[in-house]
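*Asks:* My questions will all concern the structure given below.
The values are calculated or read from the model by the stated rules, or taken from the named source; none is laboratory data. All values derive from a computational prediction rather than experimental measurement. In this analysis, Cβ positions are derived from the backbone assuming ideal geometry, glycine residues included, and neighbour counts consider all displayed protein chains. Ligands, DNA and RNA are excluded from the accessible area calculation, which covers all protein heavy atoms including side chains. Shrake-Rupley method; radii C 1.70, N 1.55, O 1.52, S 1.80 Å.
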Amino acid sequence: MRLIGSKILRYAIQITAGRRPPLASLSQFAADMNANLPSPSSLVDFSFLDSPSIRKKYAVDEAETKICFYIGGIRCEKCVRKLEGLVGTIQGLRRLRVEMGKNLAHVEVDPSTLSFSDIADVIERLGFHPIPLGAGEYASENQTREDRSRLIRLAVAATCAGNIMTFAFATYLGGDAQLFSWLSFVLYLPVVTYVAWPFYQGAWAALRQKRISIDLPMAVASLAGFGLSVGALLRGSFDVYFDSLSGFLFLILVARWLQQRMQKKYLDAGELREGLRLERVRLVQGSTWSWVPVESLVPQQEISVFSNETIPADAKLLSSSAQVSLAWLTGESKAKTYLKGAHLPAGAKVISKQIALVVETPLAQTNFGSLMREVQKFSLSENRAIAESDSWAQWLLGYVFLIAGVFVALYWQVSPEEAVRRAFALIVLACPCAMAFGTPLALALSLKRANQLGLMVRDANVFEAIKKARTVFLDKTGTLTETELSLVEAPDKVPAAIQKIVLSLENLSVHPMAFAFRSAFSNQTLVAVRDHQEVAGIGVSGFIENQFYQLRASSLECAGTSCVLLQGSEPIWTFNFTSSYRVGCLSVLTSLRARGLRLILLSGDSPAAVALAAKDLGFSDVDAHSNLTPQEKASVIQSQTHTVMVGDGINDSLALQKADVGIAASGGVEAALKSAGVYLGETGVQGLELLFKLSDQAYSLIRQNLLLSVVYNVVGGTLALLGYINPFVAAVLMPISSGFILLSTWLRSRA
């Protein structure tokens, strides 16, 4: 054990010797605080954040309403819930979301009623340690320092526990019990003070909020065991618990350290970046290149991007030409050709073999980079399953202390020492750690697997809503059919004047019809459009040479998608389009029906077009609706409960918002996620089946984890009260329940 302690101590010192982050945020934080607050009135005074220059430095938006803190002291999901629960209880706090994998809190305040220093003070009083990060700063240095602190604490625990156990072993072999017991007492002092301090902090912070923390059993065990042992020493008895207590605390710290590392692995939403291949990039230097992190890119650097890789910055094309897909940005899946000198946006996907680019704007400062950060700030704090697990953990703790107290009272007549020993073993053993973190781990795993599969899921509550879903509404165009439409009429059959009018009206639209027009009428020039307007689900309109024109969805009884061009209120030309069904569309619908779900087709297309699609895809006449406006789609959805809407992120935005789960199957990711909780991206409609499977797997793992925790606590607690498990064995067994949960989650992650 002493050897283990020394190795851990060396490791703790060595982990800070690696590559340091670009900005030493903690050192800068201290400098800013000292420079602006010569005489702090408390342990940490955040009033320096009220200084205009400092506030501007740390604000991450121009309005100076948003700030990012690194939060030291976050140990589990309950800490996250405690922090995010501040929203709604503090006036002026608009938003607080925690990235648990990185210990970052993204805060937005109303500056007229709440300052940055006020919210920092509140976080500090909750027992955490907020460190403000300026725009572009990283949390890695703070994480390294906190990890080092944990490892040093672990090393002290291992060293003391190893020596105390050596003394206990010497006593068993006939050594001087008095000498070794008092030496154990001396070595246990740093354990009961320094090593156990986080448990006292956590327990006291929870009690101040009238809650029972999972730190409470450890705090009670440490202090009670120490008190009983000191009492025994003073009475001349050497029946002490220093060896079991020190070993117990060491094992708990090891279990927590492993648990925290596992939680960070699952709760750090990095799979989206990995799935888009945005973790590293080839930096070109002369005739050679080397891999570098995407975050290290700066303007004017030359990079090389290969086929199927995502462009990691806003960049200028150096190659003669490139084929690039903007599917993530605009929803258009067809690749576009760009020539040398073109400006390519971050998030575009390279289709050609290899291209050379020069960086103009790093990823973190681009629109796509901001969008990725927002998507990855998923929150688990408002999930009902997690709230229930937390509630059960609270009840378990309460019952454990109640049972322990009743047992001591009843068994005291038989043997006071045995009553205390068995009750002590019960408190040590029956810890709800596994119950408390099993559910958030399961949901976080599902979120990360969704990202790995190409799905963007904004909220873990999606999985619960999907599980409860009874009705799935589906749009037709761009959802069940391909987003690309083809114009039926040959371009040479359409007068050039009509082509110019249509092309000019549709020039800025991202609707599939607009792309079809641009493809068919590409040889025409544009004319000026005054008062141009586009209404989702209706069409486009504007004045051309003082004449009002509009392109609207057609109500004609044709079997395909169509629209009509009107001059004033008179129709002058009708256009028809064709499209094919998405790959795997029919098999996905069959799979959803096999789940007992009712599928309803909602479309703005003509009755004939909808009837044809309904016949091909197995919808009954009563479940196929045509000629619907966006408002009418939303009204139909609102009349049902437990609903899922799958549609276009732009044209169906209102319907997506009204459903319990809005799923955008097409459209750009930025527009889609303003109204939908899920973006299917390149997975298309097949991603819908994946989403239902992920929901099944998430709740199957939750049930499994809870069952493991309940069985462990019931069996272990019973054996402890019967005297088959002593406090030291309980300390050894206690982390095993967490180990089972971690193993269960890890095995599922490998499946």
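*Asks:* Heads up, I need the accessible area for residue 632: 1.4 angstrom probe, whole protein in place, Å², nearest 10.
*Replies:* 80 Å²
*Asks:* Here is a follow-up. Rg and Dmax in Å for region 312-372, alpha carbons only: what are they?
*Replies:* Over region 312-372's Cα set, Rg and Dmax evaluate to 10.9, 30 Å.
*Asks:* For region 640-717, just list the percent of Cα-Cα distances falling in each 10 Å bin from zero outward, please.
*Replies:* The distribution over region 640-717 is 20, 35, 21, 13, 10, 2, given as percents.
*Asks:* Could I ask something else about it? Could you tell me the calculated FRET efficiency between residue 693 and residue 178, based on Cβ-Cβ distance and R0 = 51 angstrom, to the nearest 0.05? Intermediate values should be presented prior to the final figure.
*Replies:* On the way: r = 65 Å, r/R0 = 1.27.
My answer for the efficiency is 0.20.
*Asks:* Averaging over every viewing direction, what projected area does the convex hull of the Cα atoms of region 396-472 cover, in nm²?
*Replies:* One quarter of the hull surface, i.e. the mean projection, equals 7.7 nm².
*Asks:* When a/c is below 1.5 the answer is rounded, else prolate if a/b is larger than b/c, else oblate, so apply that to region 53-113 with a ≥ b ≥ c taken from the square roots of the Cα gyration tensor eigenvalues.
*Replies:* Values: a/c = 2.84, a/b = 1.44, b/c = 1.97.
Oblate, since a/c reaches 1.5 and b/c is not below a/b.
*Asks:* Moving on. If I take R0 = 30 Å and measure r between the Cβ atoms of residue 682 and residue 581 in this structure, what FRET efficiency does the formula 1/(1 + (r/R0)^6) give, to the nearest 0.05? Working shown, then result.
*Replies:* Working: r = 17 Å, r/R0 = 0.57.
About 0.95, to the nearest 0.05.
*Asks:* Which of rounded, prolate or oblate describes region 176-260 when judged by the alpha-carbon gyration tensor and an a/c cut-off of 1.5?
*Replies:* Details: a/c = 2.94, a/b = 1.80, b/c = 1.64.
Prolate is the answer for region 176-260, as a/c is 1.5 or above and a/b outweighs b/c.
*Asks:* Further question: Run the quick spin-label model on residue 340 and residue 87: label points 7 Å from Cα toward the beta carbon, then report their separation in nm to one decimal.
*Replies:* In this crude label model, residue 340 to residue 87 measures out at 5.0 nm.
*Asks:* So for 147, 652, what's the accessible-area order with a 1.4 Å probe, most first?
*Replies:* The residues order as 147, 652, largest area first.
*Asks:* Which value in nm describes the separation of the simple spin-label points at residue 170 and residue 631, placed 7 Å from the Cα toward the beta carbon?
*Replies:* Label at residue 170, label at residue 631, 8.7 nm between them.
*Asks:* Next up: Please compute the length gained on full extension between residue 367 and residue 64, using 0.36 nm multiplied by the number of residues separating them and subtracting their Cα-Cα distance. If you can, show how the numbers build up before the last one.
*Replies:* Details: separation 303, 0.36 × 303 = 109.08 nm, distance 1.92 nm.
Difference between extended and current length: 107.2 nm.
*Asks:* At a probe radius of 1.4 Å, what is the per-residue accessible area of residue 494, in Å² to the nearest 10?
*Replies:* About 10 Å², rounded to the nearest 10.
*Asks:* Give the calculated FRET efficiency between residue 298 and residue 536 to the nearest 0.05, with a Förster radius of 56 Å applied to their Cβ-Cβ distance. Each step should come with its number before you reach the end.
*Replies:* Numbers: r = 39 Å, r/R0 = 0.70.
Rounded to the nearest 0.05, the efficiency is 0.90.
*Asks:* Can I ask one more? Please compare each pair in 468/674; 468/693; 316/674; 493/633; 353/693; 615/674 to a cut-off of 25 Å on the Cα-Cα distance and tell me which ones are over it. Let's see the in-between values first.
*Replies:* Working: 468/674 23 Å; 468/693 13 Å; 316/674 29 Å; 493/633 35 Å; 353/693 34 Å; 615/674 33 Å.
Where the Cα-Cα span goes over 25 Å, the pairs concerned are 316/674; 493/633; 353/693; 615/674.
*Asks:* Going by a ≥ b ≥ c, the root eigenvalues of the Cα gyration tensor, does region 571-687 fall in the rounded group (a/c under 1.5), the prolate group (a/b larger than b/c) or the oblate group? Walk me through the numbers before you get to the answer.
*Replies:* Details: a/c = 1.26, a/b = 1.10, b/c = 1.14.
Taking the square roots of the gyration eigenvalues as a ≥ b ≥ c, region 571-687 is rounded.
*Asks:* Give, in whole angstrom and from largest to smallest, the semi-axes √(5λ) of the equivalent ellipsoid of region 413-514, with λ running over the eigenvalues of the Cα gyration tensor.
*Replies:* Working: eigenvalues 892, 33, 18 Å².
Whole-Å semi-axes of the equivalent ellipsoid: 67, 13, 10.
*Asks:* Rolling a 1.4 angstrom probe over the protein chains, ignoring ligands and nucleic acids, what is the accessible area of residue 470 in square angstrom, nearest 10?
*Replies:* Residue 470 exposes around 140 Å² with every protein chain in place.
*Asks:* Multiply the residue gap between residue 547 and residue 289 by 0.36 nm, knock off their C-alpha separation, and tell me the result in nm, one decimal place.
*Replies:* On the way: separation 258, 0.36 × 258 = 92.88 nm, distance 5.74 nm.
Contour length minus the Cα-Cα distance gives 87.1 nm.
*Asks:* Determine the gain in length on full extension of the stretch residue 279-residue 518; use 0.36 nm per residue of separation and subtract their C-alpha separation, reporting nm with one decimal. Walk me through the numbers on the way to the answer.
*Replies:* On the way: separation 239, 0.36 × 239 = 86.04 nm, distance 3.55 nm.
Length gained, residue 279 through residue 518: 82.5 nm.
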